[in-house]
Amino acid sequence: MFFLLNDAVLDLDGEELAPNVIGPRFASVSFDYVQLLGQELFAKAPMVHRTSPGQAVKLASLIVIKAPDINAALFVALGVGCNHNQVAVRFASLDVAVMANLKNADAAGMLDALSADREVWRRLAA
């Protein structure tokens, strides 16, 4: 399964996301707590999706575990070391065709923050 985290398309292992595997481990963790973890992670390292793919995959996996319809997340920090409350968050459910286009662009080295924004987040739209 593919997951867009900011401007990086991550490949999540479907077997690790199976309900019988993850159910007991994360049953008590709320979606709000997962969001808070993401905000704290991006507050410390705003480019974690590029600099630490392992951590990014773990965060994306937790998001999918708690909200299976979500396959895209945007975390925008004001800067390194900012307060986690200063990290803006958005989630989305992208169509398979959109995700395939994003994956192809990422694999070709053509996916960056501006192109992801144009395709998905539309924060910079006039």
(request) Just name the residue that is surrounded by the most Cβ atoms within 10 Å (Cβ to Cβ) out of those in the stretch 52-65 that are of a type in the set (S, T, N, Q) and in contact with a helix residue (DSSP H, G or I) (Cβ under 8 Å, 6 or more places away or on another chain). (result) S61
(message) List the residue pairs whose Cβ atoms are under 6 Å apart, where the first residue sits in the stretch 103-120 and is assigned to a helix (DSSP H, G or I), the second is buried (at least 16 other Cβ atoms within 10 Å of the Cβ) and charged (D, E, K, R), and the two are 6 or more positions apart or on different chains.
(response) A113/D7; A116/D7
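Every residue, every condition in (1) closer than 14 Å to D7 by Cα; (2) modelled with pLDDT under 95; (3) surrounded by 13 or more Cβ atoms within 10 Å (Cβ to Cβ), yes or no:
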{"residue": "G23", "(1), (2), (3)": "no, yes, no"}
{"residue": "Q39", "(1), (2), (3)": "no, no, yes"}
{"residue": "R50", "(1), (2), (3)": "yes, yes, yes"}
{"residue": "H84", "(1), (2), (3)": "no, no, yes"}
{"residue": "V87", "(1), (2), (3)": "no, no, yes"}
{"residue": "M99", "(1), (2), (3)": "yes, yes, yes"}
{"residue": "A107", "(1), (2), (3)": "yes, yes, no"}
(message) Of the residues R90, R118, only one is farther than 17 Å from L12 by Cβ, basic (K, R) and under 14 Å from the mean Cα position of the chain (by Cα); which?
(response) R90
(message) Quick test of your reading of the structure: D112 fulfils all but one of (1) acidic (D, E); (2) at pLDDT 95 or above; (3) out of contact with any strand residue (DSSP E or B) (no Cβ under 9 Å at 6 or more places or on another chain). Name the failing condition by number.
(response) (2)
(message) Against the conditions (1) modelled with pLDDT under 90; (2) not in a helix (DSSP H, G or I), where does V80 fall short? Just the number, please.
(response) (1)
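The values are calculated or read from the model by the stated rules, or taken from the named source; none is laboratory data. Only a predicted model underlies this, so the values are computations on that prediction, with no experimental measurement involved. Note that we place each Cβ from the backbone using ideal geometry, even for glycine, and neighbour counts take in every protein chain shown.
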